[in-house]
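Working notes, beginning with the structure itself.
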Amino acid sequence: LKFDASMWPVEYQMQFETDDEYINNLFKMSSATLHTSMHRFYLDGVKRDFLPWSMDALVSTLGGDYLFGDQQVSKNGISIALMPLNPKLSDIGIPDYPLHALFGLKQNYLRFGDLTTSLQYKDRITQLLDFYAYAQIMLYYNYMTGAYFANLWKEKVLASRYSKLAQDLKRKIFKHFWDDERKAFINGTMNDGTTIDKRISHHAQYWAILADIFPKEHYDNLFEN
């Protein structure tokens, strides 16, 4: 088996070792795979089809930022996920795709403590948050991240606006999608936008936990049932 790749020149900044050689080898192989996918931005690379994919790229960014500490490749990957300036409906492919960008931007700030990246993309961040108008937990998380950055930018009015949007959306999410009998979030609505999909899947619960809105008093029920 022969494999050719042009990889970004980085050095490992993170070490990991246990007394289990299998786990050590898994870490080494995973690290090598991540490095192989690291060009000018994070690619699906050997994982799939040599294209940038939003959540894959940002998961790679999360790992790579701690493993290699190379901020530029991460920033390039985040910029690919964002929508262009003055976005239009025709710019949307997968509807959720651009919403992953703010996950990456917040992670970037938490890792490097540098506001430069968010300020560099500030117009695209605010335009993206103005563009979306449908109820889901992922958008709630984006509004909260927008408020987080607006506070860091010292723009209190903007921060207040995003916080209000987030809290209004949170109330709607619980009103329409929380199943009080089963103590979990339903899937939501079907493609027609009106038919309710009352199934319980792991996806809605995952986003609710990530966004910190899943009621903690029902965690036991979530894992048991």
Inset, instruction - Mind pulling the angle between the C-alpha long axis of helix 54-67 and the longest principal axis of the chain? Nearest 10 degrees, somewhere in 0 to 90. - result: 50 degrees
Inset, instruction - Please work out the average accessible area per residue across the chain, using the 1.4 Å probe convention, and give it in Å². - result: 59 Å²
Inset, instruction - Would you mind calculating the gained length between His202 and Asn86 on full extension (0.36 nm times residue separation, minus the Cα-Cα distance), in nm to one decimal? - result: 38.3 nm
Inset, instruction - Find, among the chymotrypsin sites (Phe, Trp or Tyr not before Pro) in the stretch 94-151, those assigned to loop by DSSP (not H, G, I, E, B) with at most 14 other beta-carbon atoms within 10 angstrom. - result: Tyr134
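Restricting everything to alpha-carbon atoms, can you work out Rg to Rh for the chain with a Kirkwood hydrodynamic radius?
Rg/Rh for the chain comes to 1.00.
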Inset, instruction - Report the residue, chosen from Gln107, Gln120, Gln136, that carries the largest GNM mean-square fluctuation when the chain is represented by alpha-carbon nodes joined by springs under 10 Å. - result: Gln120
Legend entry - Degrees, to the nearest 10: 21-36 long Cα axis against longest axis of the chain: 90 degrees
Legend entry - On Cα atoms only, tilt of 71-81 relative to the major axis of the chain in degrees: 40 degrees
Inset, instruction - Could you tell me which trypsin sites (Lys or Arg not before Pro) in the stretch 142-197 are loop residues by DSSP with no more than 16 other beta carbons within 10 angstrom of their beta carbon? - result: Lys154, Arg182
Inset, instruction - Excluding residues on the same chain fewer than 8 positions from Lys172, give the lysines whose Cα lies under 17 Å from its Cα. - result: Lys164, Lys183, Lys198
Legend entry - Cα gyration tensor, the stretch 23-127 - rounded (a/c under 1.5), prolate or oblate: oblate
Inset, instruction - Please give every one of the aspartates and glutamates within straight-line cross-link reach of Lys106, meaning a C-alpha to C-alpha distance under 20 Å, and leave out same-chain neighbours fewer than 8 residues apart. - result: Asp56, Asp65, Asp70, Asp96, Asp114, Asp123, Asp130, Glu155, Asp212
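The values are calculated or read from the model by the stated rules, or taken from the named source; none is laboratory data. On a predicted model such as this, the values are computed, not experimentally measured, just so you know. FYI the Cβ positions are ideal-geometry reconstructions off the backbone, even for glycines, and counts take in every protein chain you see. Quick note on the areas: whole protein, heavy atoms, side chains included, nothing else; ligands and nucleic acids left out. Shrake-Rupley method; radii C 1.70, N 1.55, O 1.52, S 1.80 Å.
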